[in-house]
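Notes follow once the structure below has been shown.
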Amino acid sequence: MPPELATERLRLRLRDGGDAEWNLRLIAEDPSRVPLPLADERDRLDARRAAAEDAGFGLYAIEIADTGVPVGYCGLIVGRASAEQPELAYELLREHVGSGYATEAAAAVTDAAFSAGFPTLWATVESWNAPSFRVLDKLGFAPVRVTGENGKVLVWMRRRAPRGRHRARGTSIASS
């Protein structure tokens with residue numbers, strides 16, 4: 001996966017320690033999550049950036065292209081899936097929910113993932129999260145199964161690469 005992606009309205013780049021302040025704001029929007037001290041969050045995000053570079057995929061900071069204002073993150077994680085068939089993850093600051101940014105960023109990540117050779121992408125969504133279901137539906141993800149985890153009901157969504165878009169990771173497509 002490339003270190004940066006762009007859409008008409010957005011710029012996506014692998015997250016790093018410079019994203020700690022806004023990421024802590026995002027974490028604080030959910031009362032069940034406990035934010036780290038700023039220095040620790042910087043270190044955590046720098047470590048995640050290094051891991052993303054090693055793995056070939058990770059989470060991108062989503063920024064408004066014209067202003068550089070961060071709105072959230074989107075990318076691929078192992079999560080509940082695998083490195084061969086990773087999970088699409090995204091989250092926006094509340095003030096940017098409903099703007100279409102999640103759909104736009106997730107579409108860019110999904111397209112890049114299939115171009116990079118991933119055959120299948122997964123997403124797991126808590127059953128109450130209608131906005132995430134709308135994003136995934138627009139991107140062609142379909143429900144596959146429902147599971148329970150830590151008292152939560154999770155819906156497993158899957159999207160396979162379009163025909164002709166999948167190739168084994170690390171191989172190139174020869175042109176004639």
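Details
- Of the residues making up the stretch 5-26, just one is of a type in the set (Asp, Glu), open to solvent by 70 Å² or more (accessible area, probe 1.4 Å) and over 17 Å from residue 100 (Cα atoms), namely 21.
- You will find that of 83, 102, 112, 107, the residue that is of a type in the set (A, V, I, L, M, F, W, C), more than 19 Å from residue 18 (Cα to Cα), assigned to a loop (DSSP other than H, G, I, E, B) and in contact (Cβ under 8 Å) with a residue 12 or more places away in the chain is 83 and no other.
- Boolean, residue 55 is of a type in the set (Gly, Ala, Ser), open to solvent by 30 Å² or more (accessible area, probe 1.4 Å) and either under 14 Å from residue 15 (Cβ atoms) or touching an Asp or Glu at 6+ places or on another chain (Cβ under 6 Å) (or both): yes
- Scanning the stretch 115-143 for residues that are part of a strand (DSSP E or B) and surrounded by 13 or more Cβ atoms within 10 Å (Cβ to Cβ) yields 120, 121, 122, 123, 124, 125, 143.
- Residue match in the stretch 37-48 (condition: open to solvent by 60 Å² or more (accessible area, probe 1.4 Å), assigned to a loop (DSSP other than H, G, I, E, B) and at pLDDT 95 or above): yes
- Filtering the stretch 82-102 to residues that are open to solvent by 30 Å² or more (accessible area, probe 1.4 Å) and closer than 19 Å to residue 57 by Cα leaves 82, 83, 84, 85, 90, 91.
- Residue count, the stretch 61-78 (criterion: in contact with a helix residue (DSSP H, G or I) (Cβ under 7 Å, 6 or more places away or on another chain) and either free of Cβ contacts under 8 Å to residues at least 24 places away in the same chain or closer than 11 Å to residue 15 by Cα (or both)): 6
- Some residue of the stretch 115-130 being in contact (Cβ under 8 Å) with a residue 24 or more places away in the chain, more than 17 Å from residue 1 (Cβ to Cβ), in contact with a strand residue (DSSP E or B) (Cβ under 9 Å, 6 or more places away or on another chain) and β-branched (Val, Ile, Thr): yes
- Note on the stretch 1-25: residues that are within 21 Å of residue 51 (Cα to Cα), in a helix (DSSP H, G or I) and not acidic (Asp, Glu) total 6.
- Among the residues of the stretch 152-170, those identified as modelled with pLDDT under 95 and either open to solvent by 70 Å² or more (accessible area, probe 1.4 Å) or under 16 Å from the mean Cα position of the chain (by Cα) (or both) are 152, 163, 164, 165, 166, 169, 170.
- For the stretch 75-115, the candidate set comprises residues that are of a type in the set (D, E, K, R) and touching a Gly at 6+ places or on another chain (Cβ under 7 Å); within that set, the residue that is farthest from residue 26 (Cα to Cα) is 87.
The values are calculated or read from the model by the stated rules, or taken from the named source; none is laboratory data. Keep in mind that this is a model prediction, so the values were computed, not measured. Using ideal geometry, Cβ is built from the backbone for each residue, glycine included, and neighbour counts are taken over all protein chains shown. For the accessible areas, the whole protein counts, side chains as well, though only heavy atoms, and no ligand, DNA or RNA atoms are used. Shrake-Rupley method; radii C 1.70, N 1.55, O 1.52, S 1.80 Å.
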